[in-house]
Amino acid sequence: MIFKREEALDAAFVQKVLFILFIVAISALVFKLMGLWLLVFGAIVVAVVLRAIAEPLSRLTRLPESVAVLLALLSVVLLLVGVSYLFGREIVSQTQELRSQIPMAWENFQSQLENTEIGAFLLEQVDDIWRQASGALSVIPRVAGGIAESLGNLLVVVVAGIFIAINPRSYRDGIVRLFPPKHKERTRDTLNATGHALQQWLVAQCFSMVLVGTLTAIGLSIIGVPSAVALGLITGLAQFVPMVGPIVSTIPGLLLAGVQGWEMMLWTLLVYTGVSQLESNFITPMVQKQVTSISPVVVLFAVLGFGSLFGPLGVLFATPLAVVAHTLVMKLYVGEVLHDHKAVDRAVPDHEDKKK
């Protein structure tokens, strides 16, 4: 009897050790494939954008969802082609002009800084950093290879996003099948709410990007800053990365304005600041009334955290990842564990097809 009891204890101990090793191996595999999970999330973002266009189209025309998704994809392509045809030459010429003017603007800015004691000190620190980073030129071939790999990944993400958008319920139900029967309905509802929150945020963000880019281009052209359209395009695209993107996008405009003197630089700073205040106080509240609201502090730490984990892609997807994480926490923890359903209703927007 003693030997049997010892054998049973040994078997239980071995099972626990094997289970722990299995968990460690799975965790290591998940961490190793972080890049893959980001590509999967990118495909989901593409699918969400296509579904945001296809769903109203399907309701209005009574077309099958797969056909509506393909029409949505075609409309996006035609929109990009139309914008390229109407403004492509202007954008390309201004972008090339911007590339040639930025180095001269930086040299002019340096010469102005050298005349001040604080400016000379700052330039000395920048030169030290540049000398320490001079070895970075040796990684240019790797950077070129990385760009080619990124273009390949982008193609994979777009194609995968199209397939997900055509039949998203099959992929959602595939995830639901992994859970016990008593949790299936809760999992389906959470995934629906997460997808709806992400869709609403992306639609609102795209509208905000277009509006901010347009207002910036108009404002810079009025005060006479060169390459205003290109600078507006940069500012609009940078809005996708909140907090960090808008700040970084002001640097080229301020450098170009500095060539024309400090007065023009101040006017340019006023334009950027005015558009930023308009965006934060009027545009964002207007377009995100029904969108999951996340504290700016949370967004800032999400950019820093996901950026440190995943690099540039983490910075790019930081806010949509934060939207997904916020929705999951509100639905699964606040709603199911703390049973604070009023807080969930306030924080998570209503969504359709909860039971489907």
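Figures for the structure shown
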{"read-out": "Of residues in the range 319-335 being within 17 Å of Glu185 (Cα to Cα), of a type outside the set (A, V, I, L, M, F, W, C) and surrounded by 15 or more Cβ atoms within 10 Å (Cβ to Cβ), the one modelled with the lowest pLDDT", "value": "Gly335"}
{"read-out": "Residues being more than 26 Å from Ala318 (Cβ to Cβ), of a type in the set (Phe, Trp, Tyr) and either in contact with a Pro (Cβ under 8 Å, 6 or more places away or on another chain) or modelled with pLDDT of 85 or more (or both) - total across the range 232-282", "value": "1"}
{"read-out": "In the range 302-322, the residues that are assigned to a helix (DSSP H, G or I) and free of Cβ contacts under 8 Å to residues at least 40 places away in the same chain", "value": "Ala302, Leu304, Gly305, Phe306, Gly307, Ser308, Pro312, Ala322"}
{"read-out": "Subset of the range 219-251 that is part of a loop (DSSP other than H, G, I, E, B) and not β-branched (Val, Ile, Thr) - its residue that is surrounded by the fewest Cβ atoms within 10 Å (Cβ to Cβ)", "value": "Gly224"}
{"read-out": "Tally of residues being of a type in the set (S, T, N, Q) and in contact with a Pro (Cβ under 7 Å, 6 or more places away or on another chain) across the range 172-206", "value": "1"}
{"read-out": "Members of the range 257-274 that are within 13 Å of Leu220 (Cβ to Cβ) and surrounded by fewer than 12 Cβ atoms within 10 Å (Cβ to Cβ)", "value": "Thr273"}
{"read-out": "Yes/no for Ile44 being out of contact with any Cys (no Cβ under 8 Å at 6 or more places or on another chain), part of a helix (DSSP H, G or I) and at pLDDT 90 or above", "value": "yes"}
{"read-out": "Inter-residue pairs, beta-carbon under 7 Å, first within 14 Å of Val48 (Cβ to Cβ) and without any contact (Cβ under 8 Å) to a residue 12 or more places away in the chain and in the range 60-73, second in a helix (DSSP H, G or I) and not aromatic (Phe, Trp, Tyr), 6+ apart", "value": "none"}
{"read-out": "Those residues of the range 196-231 which are at pLDDT below 90, over 30 Å from Asp345 (Cβ atoms) and of a type outside the set (Val, Ile, Thr), in sequence order", "value": "Gly224, Pro226, Ser227, Ala228, Ala230, Leu231"}
{"read-out": "Single residue of the range 208-218 satisfying the filter (crowded, with 22+ Cβ neighbours inside 10 Å and small (Gly, Ala, Ser)) that is nearest to Leu270 (Cα to Cα)", "value": "Ala217"}
{"read-out": "Any chance Arg59 is at pLDDT 85 or above and either surrounded by 12 or more Cβ atoms within 10 Å (Cβ to Cβ) or in a helix (DSSP H, G or I) (or both)", "value": "yes"}
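For every residue, the table says whether it meets (1) among the hydrophobic types (A, V, I, L, M, F, W, C); (2) in contact with a helix residue (DSSP H, G or I) (Cβ under 6 Å, 6 or more places away or on another chain); (3) outside any loop (DSSP other than H, G, I, E, B).
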{"position": "Gly253", "(1), (2), (3)": "no, yes, yes"}
{"position": "Met265", "(1), (2), (3)": "yes, yes, yes"}
{"position": "Leu278", "(1), (2), (3)": "yes, no, yes"}
{"position": "Leu300", "(1), (2), (3)": "yes, no, yes"}
{"position": "Val324", "(1), (2), (3)": "yes, yes, yes"}
{"position": "Thr327", "(1), (2), (3)": "no, yes, yes"}
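The values are calculated or read from the model by the stated rules, or taken from the named source; none is laboratory data. Remember, predicted model here, so these are calculated numbers, not experimental data. Methodologically, a virtual Cβ is constructed for each residue, glycine included, from the backbone with ideal geometry; neighbour enumeration extends over all protein chains shown.
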